[in-house]
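A.B. asks: Dumping the structure here so I can ask a few things about it.
The numbers here are math on the coordinates, done by the rules we state, and not lab data. Every value quoted in this text rests on a predicted model; they were computed, and no experiment measured them. All Cβ positions, glycine included, derive from the backbone under ideal geometry; neighbour counts span all protein chains shown.
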Amino acid sequence: MLRSWFIGLFDSAMELNRRQILADLPRHGGKLLDLGCDDGDWTMKLASVTPRDGVHGVEVVEERAVAARSRGVDVVVADLAHVLPLPADTFDVIHANQVIEHVPDIDLFATEIRRLLKPGGLAIVSTENTSSWHNVFAAFCGWQMFSSTNLSGVRLGIGNPLAVHRGESDHVKTWTHKVLFSARGLREFFEAHGFEIVTLRGAGYHPLPAWLGPWDVSHSHFITILARKPA
């Protein structure tokens, strides 16, 4: 029962986070690139906000890429751990939702985002917050923090009895979490890579309602940064 309640909190926080991302998308169109686009369902929701000159994605799992193409996404099958086979200064918006925590080389990840964006282009990157109250609580209990339970491709949810994916074993290894950020860490990381920070948003505030997250970004469940490549 307690785990089901927590999963409900997670789902409401994720929904709010997605609504905020949709609200922050520029309305002037342009080319969109979704890093880690999965099956393309969310990518096409992003594209539906305003007419786009092109909707592109990068996905490492071939089966997911095929599904995304069937929805209308122009997908490149590539690993985000490597330089991407895409030309520089191409995209107006680059989006990555719940992706950066899975990438083994985050410096290359940020460098590639900056290379691929047009001057003045916007990066929207969202991830879990290692300093959220529920992660702090888990550490206090001597458990694995919620955001670091997906550390093995053999079994997910290790070390925390309330983990959302606890006991699951059918996920691909690329879904394991490798890097965790706090709100301040995410901001300083993108500043270090030469981005201009537009804003930082929060969503989710376990065990309280998700809408409280935007009022205390430092302790919210999800953190989303909007960062601009200098013109």
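A.B. asks: Assuming 1.306 mPa s and 10 °C, estimate D for the chain with Stokes-Einstein, Rh taken as the Kirkwood radius over Cα pairs, in µm²/s.
C.D. replies: Estimated diffusion coefficient is 89 µm²/s.
A.B. asks: Give me the distance between the Cα centres of region 36-97 and region 119-192, rounded to whole Å.
C.D. replies: For region 36-97 versus region 119-192, the Cα centre distance is 22 Å.
A.B. asks: If you don't mind, another one. Under a Cβ-Cβ cut-off of 11 Å, what is the net charge of the residues other than ARG115 that fall near it, where Lys and Arg count +1 and Asp and Glu count -1?
C.D. replies: For residues surrounding ARG115, the net value is +1.
A.B. asks: Now for a different question. Suppose the chain between ASP105 and PHE137 were pulled fully straight at 0.36 nm per residue; how much longer would it get relative to their current alpha carbon spacing?
C.D. replies: 8.7 nm
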